[in-house]
1. Run the dipole for region 18-122 about the Cα centre, Lys and Arg Cβ at +1, Asp and Glu Cβ at -1, nothing else charged, and hand back the magnitude in debye, nearest 20.
2. If I compute Cα extents along the principal axes in Å from the structure I just sent, which labelled value in [x] 76, 58, 36; [y] 79, 43, 38; [z] 78, 70, 36 lines up?
3. Taking the Cβ of L296 as the centre, find all other residues whose Cβ is under 11 Å away and add up their charges (Lys, Arg: +1; Asp, Glu: -1).
4. Sum -39500 (n - 2.57) across every DSSP H segment of at least 4 residues in the chain, then divide by the residue count to get the 222 nm mean residue ellipticity, nearest 500.
5. Name the residue farthest towards the positive end of the dipole of the chain from the options V92, H20, V310, assuming +1 on Cβ of Lys and Arg, -1 on Cβ of Asp and Glu, about the Cα centre.
6. Taking θ as phi - 60°, what are the ³J(HN,Hα) couplings along region 92-103 by the Karplus curve (6.51, -1.76, 1.60), each to the nearest whole Hz, with x for Gly and Pro?
7. Semi-axes, largest first, in whole Å: what does sqrt of 5 times each Cα gyration tensor eigenvalue give for region 70-222?
8. Which ³J(HN,Hα) values, rounded to whole Hz and listed in residue order, are derived for region 61-68 from phi using the Karplus coefficients 6.51, -1.76 and 1.60 in 6.51 cos²θ - 1.76 cosθ + 1.60 with θ = phi - 60°, glycine and proline given as x?
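Rule-based calculations on the coordinates, nothing more; no lab input. Everything numeric in this text was worked out from a predicted model, so none of it was measured. Reconstructed Cβ throughout: ideal geometry from the backbone, glycine too, with neighbour counts over all protein chains shown.
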Amino acid sequence: MADLTLRNVKKAYGSLNILHGIDLDIESGEFIVFVGPSGCGKSTLLRSIAGLEEITSGDLSIDGERVNDVPPSKRGIAMVFQSYALYPHMTVYDNMAFSMKIAKENKAEIDKRVKQAAEILQLTKYLDRLPKAMSGGQRQRVAIGRAIVRNPKVFLFDEPLSNLDAALRVATRIEIAKLKESMPNTTMIYVTHDQVEAMTLADRIVVLKEGRIEQVGSPMELYKRPGNLFVAQFIGSPAMNILPGKVDKAGSNTAITHIGGKASVPIATPASAQGTEISFGVRPEDLYVAKGKDSLFEGKVDYIEQLGEVQLVYVDIGRGIELPLIAKLPGNVPIERGATMKLDASAEDLHIFDANGSSFLQHKPEAKAA
């Protein structure tokens, strides 16, 4: 078990700044996932925690001990990389036992830990096999087992499923989830660009952009209450529909005008927001076909992507076909291309963001005049 604390952690290569003052608290036993677009600094942050990258400034503590200058082998950390990096001439057993043999652990302890890890990962019957006789998913489990036998304080995963095909990614993701359940007191930090992995595995997600933390929260917190436009459009697939709008009436129930018409949003806005430009958001899966005369949006169906269980319907609501509204509807709803469609959404599923892109849910109440 291990708590991790990062305070104003920065990383630079010469004049190129990669991490810009990261502050983060990770509790013992948490499964934390770093997500963000390519180049956002998530792998650099993970490697800095591991000690594979030297922190330029700031403090990294594990269980209250500052470890900035502690070598990787002394930090109590085990890392699983994107590449399996298994020794092809060694059996699964020997691959998993190798680091313990180098550390001169006694044979009985090595055998005990390897067999325990193999049981957790369902690799017991493969211990005598060479890596070439195993699937990609099985090889990645061997790489994870090699980390488990070290009894680390913290597991670090750097995009471990990137080299697997779609089916194996799903199967191995389930294996990692089961691994966490079997090791509830172990702290795990996982890097991925795949939001499905993040949403299904994480206790909390850390969303990064250009070396800065945009938001930290549980998967559903980030999905339901994104702190800004970046998080709103990064979490969720397809991305949230964002339209320009204006606040007609501020207050506890905000009235807005948007390109599709008018809407009442049950989000409080300060009096200073009256008349200001805002961004109005609604997720594709929160839209449904309007049954009455009133609707949130109305437009022409420009394109349909039929996916079986669901269909993605692209609707031109007046912004042109380059910026259609996307609705994620059940696959059995009859829809014709070129038809006029009315769409609606529940008021509680609507989002509004200020001119700086921050959600009004994040705003603090204005101080009352004395």
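1. My answer is approximately 520 debye.
2. Of the labelled values, this structure produces [x].
3. Cβ neighbours under 11 Å give a net charge of -3.
4. -6500 deg cm²/dmol
5. Comparing the listed Cα positions along the dipole, V92 ranks first.
6. The phi angles translate into 4, 4, 5, 4, 6, 8, 4, 5, 6, 5, 4, 7 Hz.
7. Each semi-axis is the square root of five times an eigenvalue, giving 28, 18, 14 Å.
8. 10, 10, 6, x, 9, 5, 10, 3
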